[in-house]
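The values are calculated or read from the model by the stated rules, or taken from the named source; none is laboratory data. All of these numbers come straight from a predicted model, not from anything done at the bench. All Cβ positions, glycine included, derive from the backbone under ideal geometry; neighbour counts span all protein chains shown. Keep in mind that these areas ignore ligands, DNA and RNA; they rest on the heavy atoms of the full protein, side chains included. Shrake-Rupley method; radii C 1.70, N 1.55, O 1.52, S 1.80 Å.
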Amino acid sequence: AQKITQTQPGMFVQEKEAVTLDCTYDTSDQSYGLFWYKQPSSGEMIFLIYQGSYDEQNATEGRYSLNFQKARKSANLVISASQLGDSAMYFCAMRRQYNNNDMRFGAGTRLTVKP
Amino acid sequence: ETGVTQTPRHLVMGMTNKKSLKCEQHLGHNAMYWYKQSAKKPLELMFVYNFKEQTENNSVPSRFSPECPNSSHLFLHLHTLQPEDSALYLCASSQDNGRGDEQFFGPGTRLTVL
């Protein structure tokens, strides 16, 4: 069975600094996708970034980058130049590649950006 | 309207009531999902519809009944719920693009069962 672990219930970062949110996963599949979502207090889950297990390069989307270490089964999210609006819950998720029916989420990390 | 919308945003109901949650996606996607988000628990996938056909039911109690009349609309019918069913219910949609079909979520319905 697939499992996602986010070991940081809460994180603090100073505005304009970078922060890394940890995510490790457990799967026996060779082909899978990894996702990061942001959930502000309004409740909506906002897609941030995706990494395929066979992608050779780490994914980047603006200020977001994914530090993918396949051998260690980790997919950490790096947010550069933090902004106050980045304060939210962040969820790591994984599913078997091309399988909509098996999306698993971690417990989440609450990020607080301090001015 | 754009993206994924959900109504109502907040719902309070008694255990004997019958209510329905509505989700509509304006993205042309072919898959829709219901998730439950309880306090202190990871997001749980409840139901999946691909091309209007239910393809997954993750052992959800029968007091939750999904309905997908077309590829743009998804309902969750609720009856005789329990207080532990109080949670945020999120709807999502996706389109298989052959790369990584990220799911787009609605704002959720905050459900309180008294």
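A compact table of results
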read-out	value
Failed item in (1) away from every other protein chain (no Cβ under 14 Å); (2) closer than 27 Å to A:Gly52 by Cα, with B:Thr16 passing the rest	(2)
Which numbered condition B:Asp101 fails, given (1) in a loop (DSSP other than H, G, I, E, B); (2) away from every other protein chain (no Cβ under 13 Å)	(2)
Test: residue in the stretch A:97-106 that is of a type in the set (A, V, I, L, M) and at pLDDT 95 or above	no
Segments classed as strands (runs of 3 or more DSSP E), wholly inside the stretch A:9-112, with at least 2 members that are out of contact with any Pro (no Cβ under 9 Å at 6 or more places or on another chain) and either within 11 Å of chain B (Cβ to nearest Cβ) or at positive phi (or both)	A:32-39, A:46-52, A:88-96
Residue match in the stretch A:31-43 (condition: among the basic types (Lys, Arg), surrounded by fewer than 17 Cβ atoms within 10 Å (Cβ to Cβ) and modelled with pLDDT of 95 or more)	no
Unmet criterion (only one of (1) open to solvent by less than 30 Å² (accessible area, probe 1.4 Å); (2) farther than 15 Å from A:Met45 by Cα) for B:Leu45	(2)
Selection within the stretch B:69-90 - among the aliphatic types (A, V, I, L, M) and within 13 Å of the chain's Cα centre (by Cα)	B:Leu74, B:Leu76, B:Leu78, B:Ala87, B:Leu88, B:Leu90
Members of the stretch B:60-98 found to be in contact with a helix residue (DSSP H, G or I) (Cβ under 9 Å, 6 or more places away or on another chain) and not in a loop (DSSP other than H, G, I, E, B), listed by number	B:Phe64, B:Leu78, B:Ser94
Cβ pairs under 7 Å, 6+ apart, first in the stretch A:101-114 and surrounded by fewer than 21 Cβ atoms within 10 Å (Cβ to Cβ), second polar (S, T, N, Q) and part of a helix (DSSP H, G or I)	none
